[in-house]
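The values are calculated or read from the model by the stated rules, or taken from the named source; none is laboratory data. On a predicted model such as this, the values are computed, not experimentally measured, just so you know. Glycine also receives a Cβ, built like all others from the backbone with ideal geometry; neighbour counts cover every protein chain displayed. Ligands, DNA and RNA are stripped out before the accessible areas are found, and what is left, the full protein with its side chains, is counted by its heavy atoms. Shrake-Rupley method; radii C 1.70, N 1.55, O 1.52, S 1.80 Å.
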Amino acid sequence: MEGHEVSVWCVSDGRTGIERQTLAVAYALSERVPTRIKLLRLQPTGFQVSLPPSLWLMPKSALPAEQAARLQAPWPDVWIANGRRSIPYSLRMRKWSAGQSLVVQLQDPRISPKRFDLVAPPQHDGVKGDNVISTLGAPVWYTKKQIETALSQIPEPRHLGKRKVMVILGGTSKRHQLSLARAHAIVAELQRLAHQDVHLLITTSRRTPKSAEDLFRAFAFTSGADFFANEKRDGPNPYLAWLAQADAALVTEDSTNMMTDVAFFGIPIHLIKMEGGDSKFDRLHTAFIERGAARWFNGSLTHWTYEPIRDAMAIAEAIQANLNPITR
């Protein structure tokens with residue numbers, strides 16, 4: 001029906017990285033059909049949390065009262081969920097909505113994809129099925145308005161004529177470590193780049209150890225690089241604006257989100273080795289390299305081109321194709 005606004009619920013436990021993937025797909029869908037987006041944060045507690053999702057007999061009872069109250073009709077046209085604790089609610093949505101809600105689960109739900117309408121896991125997870133849309137990494141989408149707003153909120157670019165190289169630093173996780181010794185080694189590599197025709201835009205993450213953050217901050221101050229760690233100390237977050245301006249990027253190997261953010265803009269990704277790792281991340285890195293998006297950083301910058309990777313749109317296209325005819 002022309003002019004129909006598709007209602008979309010973006011469902012997660014509220015963790016930033018998990019929630020933003022649902023929003024990325026919703027924003028991509030909004031490029032194709034009129035949408036009305038609602039955030040739904042579900043944070044269940046109690047004994048059911050330790051059970052497999054299919055064994056949650058009373059999933060609403062596990063929610064705080066204010067969250068349970070939001071989980072009621074009118075149900076959405078599209079339910080986009082992400083994260084393990086969203087799965088019990090995704091499993092029941094088709095029943096609650098009498099089949100009117102299209103249920104989309106991001107990442108690998110670790111149960112049969114047939115329990116959902118669409119499933120969108122990273123390809124390195126190896127999930128197969130007729131309703132599976134494999135992505136290179138995490139779905140990412142930035143609207144033109146978001147990019148323009150981000151660019152308007154930071155100062156005019158400095159060092160005109162120099163290549164802008166964004167440096168995105170992760171940190172310690174279950175699989176990777178950023179020791180102070182490794183941080184010093186990365187700084188030494190950045191120091192060599194800073195003496196070239198390059199302007200560095202350096203940002204850390206919430207997982208970056210404080211000692212490493214302090215080291216990178218001091219390096220940025222002495223080398224003339226731009227640096228951002230947090231808004232309280234460094235002002236408005238320039239992350240998106242830097243992505244929109246960068247000619248190349250150095251990215252630590254520990255974050256799917258960081259790699260896919262860069263790949264959205266088609267920026268050459270130079271992967272920085274960290275300590276640790278596992279086979280799952282090895283497959284992720286291989287997938288990015290085979291796609292032509294990434295290469296391992298060897299101390300020097302290389303220029304190449306590839307088609308921007310925008311898997312969120314592939315998911316949005318599948319959602320549109322599977323919508324009830326009245327909402328297409």
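Remark: relative contact order (segment 153-271) = 33 percent; criterion is Cα-Cα distance under 8 angstrom and separation of 6 or more residues.
Per the 1.4 Å probe, what fraction of the accessible area of the chain, in percent, lies on carbon and sulfur atoms? After summing per-atom areas, the C and S share lands at 51 percent.
What the Cβ-Cβ distance of HIS4 and ALA185 gives, at R0 = 45 Å and to the nearest 0.05, is a FRET efficiency of 0.20. Rounded to the nearest Hz, the phi-derived 3J(HN,Hα) couplings of segment 46-62 under the Karplus curve 6.51 cos²θ - 1.76 cosθ + 1.60 (θ = phi - 60°) are x, 5, 5, 4, 7, 8, x, x, 6, 9, 6, 7, 9, x, 5, 5, 7, where x marks glycine and proline. Rg of the Cα atoms in segment 138-185, relative to 2.2 N^0.38 Å, amounts to 1.70.
Note on segment 144-231: Kirkwood radius taken over Cα pairs, Stokes-Einstein applied at 10 °C and 1.306 mPa s, translational D equal to 113 µm² s⁻¹. Note that segment 1-146 presents 47 Å² accessible area per residue, ligands and nucleic acids not counted, probe 1.4 Å. Using a probe of 1.4 angstrom and keeping all protein chains present, the accessible surface of segment 225-298 works out to 39 square angstrom per residue.
Look at the Cα gyration tensor of segment 23-146: its axes a ≥ b ≥ c give a/c of at least 1.5 with a/b at or below b/c, and that counts as oblate. Maximal additional length on extending the ARG175-GLU307 stretch stands at 44.6 nm, based on 0.36 nm per residue less the C-alpha distance. For a straight C-alpha distance cut-off of 30 angstrom, the lysines reachable from LYS144 (same-chain residues fewer than eight places away being disregarded) are LYS38, LYS162, LYS164, LYS232. Proximity of backbone amide H atoms, modeled 1.01 Å from N, is registered between GLY129 and no other residue at under 5 Å, excluding neighbours fewer than 5 places apart on the same chain. DSSP assigns beta bridges within the chain; of those with both partners inside it, close to 5 percent run antiparallel. Among residues other than LEU301 with Cβ under 14 Å from its Cβ, the summed charge is +2 (Lys and Arg +1, Asp and Glu -1). Taking a straight Cα-Cα cut-off under 16 Å and skipping sequence neighbours fewer than 8 places away in the same chain, the aspartates and glutamates within cross-link reach of LYS114 are ASP130. Computed over the alpha-carbon pairs of the chain, the distance histogram in 10 Å steps reads 5, 24, 30, 23, 13, 4, 0 percent, short to long. At an R0 of 22 angstrom, the distance between the Cβ atoms of HIS195 and THR286 translates into a FRET efficiency of 0.10. Simple rule: put +1 on each Lys or Arg Cβ and -1 on each Asp or Glu Cβ in the chain, find the dipole, and look at ASN131, GLY224, VAL167; the Cα lying farthest toward the positive end is ASN131. The simple Förster model, with R0 at 45 Å and r as the Cβ-Cβ distance, assigns ASP130 and THR222 a FRET efficiency of 0.20.
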